[in-house]
Amino acid sequence: MAIFGNPGQALHFAYTLEAYEGSPPSIMAITVQRLMKELGIWDEKKRPGPAFDLAGLTSPEVYTQCTDIRVLVRRLLRPFDAMLIEARYSSDTRVKPAAVRHIAEFFRPSLGIGRDLALCLAWRHYQPKARQDSEWSFRTIGDEYGVPKSTVERQFKRMAQMIQAMECIAIDHLRDHFETAGITETLNSYKIS
């Protein structure tokens, strides 16, 4: 059985765990899990199936699997496509900013905007929706760069559409490799009820 249901889950988990590699499990997490088991709240047999299955893997094996996923991204994808994945999923404070800068620079000529505005729009794309609407609003960005709000919104939407289309292509390219390696379920194995 595969560990993850789809490539998005695998990438999310692998890049999220990247931030925690090498750190021991917290005493609080271990204590809470033990107490939940003692109180009968945490029952492995009665819990609904998770979105992914780490059963039987030790902590070092999980970290190794996640490292392998990140290596596959770098090895199988073109550099720019790997940066799209890293900008979307990485939480590394060196990797993500570098990827976002490259993405902004890549799309800047097709949008016909300045370097700083392109970088700002790229960063906005990778912010949670709540932050996009408050701290990264189109009006705020427009005021900052002296550009009408409608122009900022139009250019952002064009950039977001191009990024999303290219991310989908990159993830589709990874899909076959992840299925072959047993990282994700094959499309045929999904249960339709």
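List of remarks:
- Candidates are the residues of segment 143-160 that are in contact (Cβ under 8 Å) with a residue 24 or more places away in the chain and either outside any loop (DSSP other than H, G, I, E, B) or within 28 Å of the chain's Cα centre (by Cα) (or both); the one that is farthest from R108 (Cα to Cα) is E144.
- When segment 59-103 is filtered for residues that are β-branched (V, I, T), more than 17 Å from A10 (Cα to Cα) and exposed (fewer than 15 other Cβ atoms within 10 Å of the Cβ), only T93 remains.
- Residue selected from segment 6-21 under the condition farther than 9 Å from C66 by Cβ and at pLDDT 85 or above, by the criterion surrounded by the most Cβ atoms within 10 Å (Cβ to Cβ): L11
- Candidate set: segment 173-186, residues that are surrounded by fewer than 20 Cβ atoms within 10 Å (Cβ to Cβ) and either without any contact (Cβ under 8 Å) to a residue 60 or more places away in the chain or touching a Pro at 6+ places or on another chain (Cβ under 8 Å) (or both); chosen: the one nearest to R101 (Cα to Cα): R175
- Taking the criterion of being closer than 28 Å to V73 by Cβ, in contact with a Lys or Arg (Cβ under 8 Å, 6 or more places away or on another chain) and part of a helix (DSSP H, G or I), the only residue of segment 123-142 that qualifies is Q132.
- Selected residue (criterion: surrounded by the fewest Cβ atoms within 10 Å (Cβ to Cβ)) from residues of segment 133-172 that are of a type in the set (A, V, I, L, M) and more than 30 Å from I69 (Cα to Cα): V147
- Qualifying position, being more than 21 Å from F4 (Cβ to Cβ), crowded, with 20+ Cβ neighbours inside 10 Å, more than 15 Å from the chain's Cα centre (by Cα) and of a type outside the set (S, T, N, Q), among L111, L117: L117
The values are calculated or read from the model by the stated rules, or taken from the named source; none is laboratory data. From a predicted model like this one, the values you see are computed outputs, not experimental measurements. Cβ: placed from backbone, ideal geometry, glycine included. Neighbour counts: every protein chain shown.
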